[in-house]
1. Using the basic label-point model (7 angstrom from Cα toward the beta carbon), what is the HIS169 to ARG3 distance in nanometres?
2. Quick check: residue separation of PHE255 and ALA59 times 0.36 nm, minus the Cα distance between them. What number comes out in nm?
3. Could you give the length gained by full extension between SER423 and GLN41, i.e. 0.36 nm per residue of separation minus their alpha carbon distance, to one decimal place?
4. Say the dipole of the chain comes from +1 at the beta carbon of Lys and Arg and -1 at that of Asp and Glu; which of ALA20, LEU262, GLY70 then lies farthest toward its positive end?
5. Carbon and sulfur together cover what percent of the accessible area of the chain at a 1.4 Å probe radius?
6. So with the 1.4 Å probe, I'd like the accessible area per residue for segment 298-428, rounded to whole Å².
7. Skip the ligands, DNA and RNA, and give the accessible area per residue of segment 2-213 with a 1.4 Å probe, whole Å².
8. Using a/c under 1.5 as the rounded threshold, could you call segment 37-130 rounded, prolate or oblate? The axes a ≥ b ≥ c are square roots of the C-alpha gyration tensor eigenvalues, and prolate needs a/b larger than b/c, oblate otherwise.
Amino acid sequence: MLRNSKIGIIGLGYVGLPLAVEFAKQYKVFGYDINSRRIDQLKEGLDHTMEISEKKLNAVITLECTTPKGLYCTSEIEKLRACSIYIVTVPTPVDKNNRPDLSPLINASLLIGKILKKGDIVIYESTVYPGVTEDECVPVLEKTSKLRYNIDFFAGYSPERINPGDKLHTVANIRKITSGSNAKTAEIVDALYSSVISAGTFKADSIKVAEAAKVIENAQRDINIAFVNELAMIFNKLGIDTHKVLEAAGTKWNFLNFRPGLVGGHCIGVDPYYLAQKAQEVGYHPEIILAGRRINDSMGAYVADQFIKKMICKGTSLTTARVLVLGFTFKENCPDVRNTRVIDIVRRLEEYKVKVHIHDPWANADQAKRAYGILCENGESKKRKYDGVLLAVAHEEFKTMDIKALCKPDAVMYDLKAFLPDSVVNARL
Ligand SMILES: NC(=O)c1ccc[n+]([C@@H]2O[C@H](COP(=O)([O-])OP(=O)(O)OC[C@H]3O[C@@H](n4cnc5c(N)ncnc54)[C@H](O)[C@@H]3O)[C@@H](O)[C@H]2O)c1
């Protein structure tokens, strides 16, 4: 019976598209996005997030909505009426005060509410704090559809665990948490994901448990990175190489393998604020979670200050200095510049009046220009000589790049990621 279900996926971004492609191998999937340009590109086999190759996309895309399986993309919500299962994969950002912005989730729920029928199931995948599905989204579905929750329609929550740019851990081979609004729905949701996730599923006790499990995965990672960032700041003062310390400590079986650096992107730097907000709402002021956020958010400025200190020590005049930042994306080997913290380095360097150039072979240059007003000038940047080069992102291409050829004789070569050999680098985080 499940096999004949039509699945509607709302939001075809980094999470929604790979999921839609996976389901479309076996089911009829209707992919919906409010961004009609995205829909047009997908129909032509083009995924700007670079998660799905043209070949893989073209293997499932259908231009007809009547085929028995495959992915039909549209920006008309009415076309999704035939679906009985809806999966919501829209963004969950924070506002300028780091408060959760649930408007994409509420808007998606309003849209689904218009076409919801008796017996339908709405599964949320976006990362949220515990309670968002049932306390924020379900009431919108009820109000818009005039249907009753857990009588006429049902809900589920199944968080996504993929990692942009990671070609090893992909949707189908990461174990997936599932949950449902009652026992029967939990079974259906679990069976649905089990049918496409080869790594298997884990049926959580409730929707709130599943929501909480996801948000703490990312908060835990954030806190662990904050700890090693704090260590890096201590060891810098002591004149000890942090990476060498971590390498030595890592020989113990239960020492956790985290590296210092920037924490950006759509998830780890954002999700802890979701948990913190909920904690505060119920009268608990989170100490560790917010301390971790503060440390990680300050790292860009810290790195820039360290870099500038090294340049001053070498006698470089800052007002005439030219600096090259290698990498602008929020992580290596992916084009995503959303919430990249490299921008904090750039802004801080600009405060010192040095001339900053940015080279990134991966970054979506249009997005970088639109969102931050910065120029990723890939070809041009290789033609100059710099007083300092700062490697901010460990893109594979930088390993084979002749960085020394870009440096003036006394230049600072700072490696934030401990990615390059000691022979190239003269400063690290
Ligand atoms: N990016 C990741 O690797 C990742 C991993 C795990 C979880 N998540 C979570 O998954 C969710 C989605 O993240 P993403 O990275 O895919 O975001 P994204 O920005 O790449 O994609 C979201 C898509 O939703 C569309 N959209 C926005 N509002 C909409 C609406 N009301 N109706 C329909 N479409 C709408 C956007 O146009 C966009 O194409 C977030 O909650 C995120 O925290 C992301």
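1. My value for the distance between the label points is 3.3 nm.
2. 66.2 nm
3. Between SER423 and GLN41, full extension yields an extra 133.1 nm.
4. LEU262
5. Carbon and sulfur: 54 percent of the exposed surface of the chain.
6. Result: 44 Å² per residue.
7. Accessible surface, normalised per residue, equals 43 Å².
8. It comes out oblate by the Cα gyration axes.
The values are calculated or read from the model by the stated rules, or taken from the named source; none is laboratory data. Quantities reported herein were computed from a predicted structural model and do not represent experimental measurements. When we count neighbours, we look across all protein chains shown, and the Cβ atoms used for this are built from the backbone with ideal geometry, even at glycine. All accessible areas refer to the heavy atoms of the entire protein, side chains included, with ligands and DNA or RNA removed. Shrake-Rupley method; radii C 1.70, N 1.55, O 1.52, S 1.80 Å.
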